[in-house]
Structures are given as structure tokens and as C-alpha cells.
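The values are calculated or read from the model by the stated rules, or taken from the named source; none is laboratory data. Keep in mind that this is a model prediction, so the values were computed, not measured. Here the Cβ positions follow ideal geometry from the backbone for every residue, glycine too, while neighbour counts run over all protein chains shown. Each accessible area value is taken on the protein alone, full model and side chains, heavy atoms only, with ligands, DNA and RNA left out. Shrake-Rupley method; radii C 1.70, N 1.55, O 1.52, S 1.80 Å.
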Amino acid sequence: YYQPQVAARDGHVTGAEALARWQCEKYGQVPPAVFIPLLEQSGLILPVGRWILQKAVRQCKEWTRIDPDFVMSVNLSYVQIAEDDFLPFLESTLKEERLDPKNLVVELTETYLARESGTLKQLFDQVRALGVRIAMDDFGTGYSSLEILKNSPADIVKIDKTFIRDIRTSRFDATFIRFVVELCHDVDIRVCLEGVETPEEYQTVGQMGLDTIQGYLFGKPQPEETFEEKFFSE
Ligand code: C2E
Ligand code: CA
Ligand code: CA
């Protein structure tokens, strides 16, 4: 499924995040929070993750024909990037689908991007050298200090949706968002806020200098057909 990402300023669609769905015959819709860890444990995340990336890149190529600046974000599991062939696969997928790397973002969680590993840092550099941007997902939920932003390999930071839940009542959450935006912009990182569900929430965060917003208010994750109907039919 694809969930729209919109510009914080005016709410126009700038891209989408690809979110895996699994319709099971026995259990019905199984949430990704359940099946992704299972795929990771079994190693099946490798073929499935490749399939997801390929499908998302192909879809993005189609949508860039309508909007050349459309950006597709794809979640990556730590298992996928630990695989030796990850980089060549990424590169060949972009080539095969003829997608400009600037239209692709890969998302990794904060906890994982904060790891002090030389091999990983090298990999992130290589990904960015391809022209693919890296987003730090679920920012604010890990245990890393803000120092992570200083030498961060991330081009985009996605503030976790827990920070929007009490935004109207919590001074802390509002200040946190503003603070992260300022800090990130200082070091040339774009900021996305996840989980905006109501017009009131949008009104509150609309003035905080965010770059993009993602949330049910602008669209739920949905199949490509309805996404197109909703966001690309003038
Ligand atoms: P995530 O990457 O943080 O994705 C955002 C989650 O927040 C999605 O849940 C999305 O449906 C939900 N969401 C978006 N807007 C709102 C909102 O306004 N309110 C609320 N309450 N929720 C909102 P989803 O699709 O259930 O995915 C859960 C997690 O599963 C993802 O969190 C991601 O970590 C993982 N996941 C999903 N697809 C993939 C995939 O293809 N590969 C990998 N490795 N992980 C995936
Ligand atoms: Ca994500
Ligand atoms: Ca997230």
C-alpha cells in the first residue's frame, strides 16, 4: 500500500511511503508489526524485501511520469542491509526500472542508524553516493542523544507519531518538534512529521517549519489504484 506524504506548507502531495500488507487466508489482515519480525526471524525478509523495493521503485517510475519530483520512501529491515548484495541489488533495480535515484528514499529506524559500525557507515555513504536519500524513521523513540543529528547519515528525519498525540496539551511535544526542525535545518536535514490525524493537529504543527507531513488526515495507506484516483486525477 502507499500512504501520501504532503508538503507541510500547503498540503500538496510530494510522495508516498510504501507499506507492506499481508492478507492471510487463515488470519485475515495481519499487521506488519506482527509479520515483519516473523519475516526477519525466518530470513524471508530478504526475498520479500527485494520484492517490495522492486515493486515500489516500479510504481514510483510510473508516478514520476505525472510528477517528476515524486518521491517514494521504502522501509528497509536491518536484515536487508546486512546482506552483502544489498547495494548491487539497489543499484540494478534503479537501473532496470530507469528511476532517477533522487526519487527514492530508504527508511531505517533511528536505533539502527545510530549504531557505531564502520561497515554500516560505509554502506550508508555508498547508498547516498548512488543518489538515494536516507530517512531516519521513528525519530525520538530510541535512546540516542541528539548528537546523532550532528554526524548523521540521514538526509531526512521522520519524527515519530507519538509526538503528535498530545500536541495540543503537551508543551514538551510541541517544543520538541520545533527544536528538532531547527536543529535539523541547521545541518541541512529535512524533517517529516508522522501521524497527523485531525485538522486541529495540522493547524498546530503547520507553523513549525516542517518540510513534509504524513498522516491519516491526508490519506491512509491504500492500493495504487485508489492512490492514483485520489491524488493524480485532475
Ligand atoms: P513505520 O515505518 O513507522 O510506518 C508508519 C506507520 O504509521 C504505518 O503503519 C502507517 O499506517 C501508520 N500511520 C500513518 N499515518 C498515521 C496516522 O495518522 N495515525 C496512526 N495512528 N498511524 C498512522 P503500518 O503500515 O501498520 O506499519 C507498521 C510498521 O511496520 C512500519 O512503521 C514499519 O516499521 C513496518 N513496515 C511496514 N511495511 C514495511 C516494509 O515494507 N518493510 C519493512 N522492513 N518494514 C515495514
Ligand atoms: Ca517508515
Ligand atoms: Ca515511523
**Dipole-positive endmost among GLY215, SER42, CYS192 within the chain (Cβ charges, Cα centre)** = SER42
**Asked** Tell me, what is the 1.4 Å probe accessible area of ASP69, in Å² to the nearest 10?
**Response** 100 Å²
**Asked** Which one of ILE81, PHE124, SER152 has its Cα pushed farthest toward the positive end of the charge dipole of segment 56-172, where Lys and Arg give +1 and Asp and Glu give -1 at the Cβ?
**Response** SER152
**Prompt:** If you put +1 on each Lys and Arg Cβ and -1 on each Asp and Glu Cβ, how big is the dipole of segment 1-93 around its Cα centre, in Debye rounded to 20?
**Reply:** 300 debye
**Residues of the chain: accessible area per residue with a 1.4 Å probe, Å²** = 53 Å²
**Prompt:** Tell me, in nm to one decimal, what length is gained between ASP188 and ASP166 on full extension, where the rule is 0.36 nm per residue of separation less the Cα-Cα distance?
**Reply:** 5.2 nm
**Request:** Quick one: which residues, 5 or more positions from GLY15 or on another chain, have an amide H under 5 Å from its amide H? H modelled 1.01 Å from N in the peptide plane, none for Pro or chain starts.
**Result:** GLN5, VAL71
**Asked** Taking the chain, how many lysine pairs are there with alpha carbons less than 15 Å apart, if each pair must be eight or more places apart or span two chains?
**Response** 6
**Message:** How large a share of the accessible area of segment 1-154, in percent, is made up of carbon and sulfur atoms when the probe is 1.4 Å and the other protein chains stay in place?
**Reply:** 53 percent
**Asked** Could you give me the ³J(HN,Hα) list for segment 58-69, computed from phi with Karplus coefficients 6.51, -1.76, 1.60 and θ = phi - 60°, whole Hz, x at Gly and Pro?
**Response** 4, 5, 4, 4, 4, 6, 6, 5, 8, 10, x, 9
**Long-range amide H partners of VAL191 with built H, under 5 Å** = VAL157, ASP211, THR212
**Request:** Please get the size of the charge dipole for segment 61-214, origin at its Cα centre, with Cβ charges of +1 on Lys and Arg and -1 on Asp and Glu, quoted in debye to the nearest 20.
**Result:** 220 debye
**Request:** Under a 10 Å cutoff between Cα atoms, tell me which one of VAL30, VAL205, VAL127 has the largest fluctuation in the Gaussian network model of the chain.
**Result:** VAL30
**Prompt:** Counting Lys +1, Arg +1, Asp -1, Glu -1, what net charge surrounds GLU62 among other residues with beta carbon under 15 Å of its beta carbon?
**Reply:** -4
**Message:** I'd like the FRET efficiency for TRP51 and GLU228, computed as 1/(1 + (r/R0)^6) with the beta carbon distance as r and R0 of 25 Å, rounded to 0.05.
**Reply:** 0.75
**Prompt:** Mind listing the phi-derived Karplus ³J(HN,Hα) values for segment 141-154, rounded to whole Hz, using 6.51, -1.76 and 1.60 with θ = phi - 60°, and x for any glycine or proline?
**Reply:** 9, x, 10, 6, 7, 5, 4, 4, 6, 5, 10, 6, x, 7
**Message:** What are the ³J(HN,Hα) couplings of segment 176-191, residue after residue, when phi is run through the Karplus curve with 6.51, -1.76, 1.60 and θ = phi - 60°? Round to Hz, x for glycine and proline.
**Reply:** 4, 4, 4, 5, 5, 4, 5, 4, 5, 4, 4, 10, 6, 10, 7, 10
**Asked** Between ARG9 and ASP155, what length comes free when the chain is fully extended (0.36 nm per residue of separation minus the Cα-Cα distance, one decimal in nm)?
**Response** 50.6 nm
